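Encoded as structure tokens, the structure appears first; notes follow it.
The values are calculated or read from the model by the stated rules, or taken from the named source; none is laboratory data. Please read these numbers as outputs of a predicted model, since none were measured by experiment. Glycine also receives a Cβ, built like all others from the backbone with ideal geometry; neighbour counts cover every protein chain displayed. Note: accessible area is taken over every heavy atom of the protein model, side chains too, but ligands, DNA and RNA are not part of it. Shrake-Rupley method; radii C 1.70, N 1.55, O 1.52, S 1.80 Å.
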Amino acid sequence: MEVKIESSWKEKLRDEFEKDYFIALTEFVRQEYLTRQVFPPGNRIFNAFNLCPFDRVKVVIIGQDPYHNIGQAHGLCFSVTDGTEFPPSLVNIFKELNRDLGVPVPQSGNLERWAEQGVLLLNAILTVRAHQALSHQNRGWERFTDAAISALNRDRDSLVFMLWGNYAQNKGASIDRARHLILNTVHPSPLSASRGFLSCSHFSKCNEWLKSRGLEPVAW
């Protein structure tokens with residue numbers, strides 16, 4: 001599996017590609033795609049990076065692993081391909097967006113429009129077997145995406161990290177709060193959304209922070 005990742009990210013993460021864990025991960029993922037049904041499509045594994053170059057990142061949203069049903073995942077956390085029914089968490093994201101900023105619920109759950117504005121929609125694990133959530137955990141993806149978050153924390157300033165749920169909050173625990181804005185709340189899943197996500201106002205808080213630093217707000 002050739003690493004086809006946007007050039008600025010390839011430079012930032014070049015040391016990772018040479019490490020034993022990533023070489024083993026690459027072989028595992030290659031075999032999975034050859035022998036099983038795996039999501040997202042192989043050319044979309046690094047979609048979050050490819051749509052959002054390192055120096056253009058303004059906001060980071062962290063998910064866990066890709067959707068595992070047919071036709072959903074395309075390399076961006078919480079996002080689904082055009083024409084796909086909205087998963088429950090995405091329904092709640094759009095519900096809070098509407099409550100917070102008055103944004104009408106979109107016709108499409110494809111969040112590429114966010115990524116192209118500098119929202120890094122990063123899953124901790126970048127691949128998954130069909131119908132088997134977390135089937136590719138503990139294979140090395142988490143270490144790779146930790147390296148990406150660490151690079152952003154170290155080499156960028158004034159980013160907004162939206163950490164929804166305990167998993168994302170643990171993954172973002174080392175982010176420098178003196179340099180970046182951390183927005184924490186529960187996960188948008190129906191199991192927890194009513195306990196704070198649906199009143200978190202993260203989208204408006206994010207835009208207020210960006211504007212206060214002379215940056216263009218996100219057209220959510």
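Numbers below:
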read-out: Sites residue 156 and residue 35 - FRET efficiency at Förster radius 45 Å, r taken between beta-carbons, to 0.05; value: 0.70
read-out: Region 135-183: C-alpha gyration tensor shape, a/c 1.5 cut-off, then a/b vs b/c; value: oblate
read-out: Region 1-40, Cα convex hull volume normalised per residue, Å³; value: 67
read-out: Cα-based Rg of region 1-121 normalised by 2.2 N^0.38 Å, two decimals; value: 1.15
read-out: Accessible area expressed per residue, the chain, with surrounding protein chains retained (probe 1.4 Å, Å²); value: 46
read-out: Value of [θ]222 nm, deg cm²/dmol, for the chain, DSSP H segments ≥ 4, -39500 (n - 2.57) each, nearest 500; value: -10000 deg cm²/dmol
read-out: Residue 20 versus residue 204: modelled label distance in nm, points set 7 Å from Cα along the beta carbon direction; value: 5.3
read-out: When each of 95/205; 10/171; 12/211; 58/171; 10/95; 4/58 is checked by Cα-Cα distance, pairs over 24 Å; value: 12/211; 10/95
read-out: Percent accessible area from carbon and sulfur atoms, the chain, protein chains only, probe 1.4 Å; value: 47
read-out: Region 47-197 shape via C-alpha gyration tensor axes, a/c threshold 1.5; value: rounded
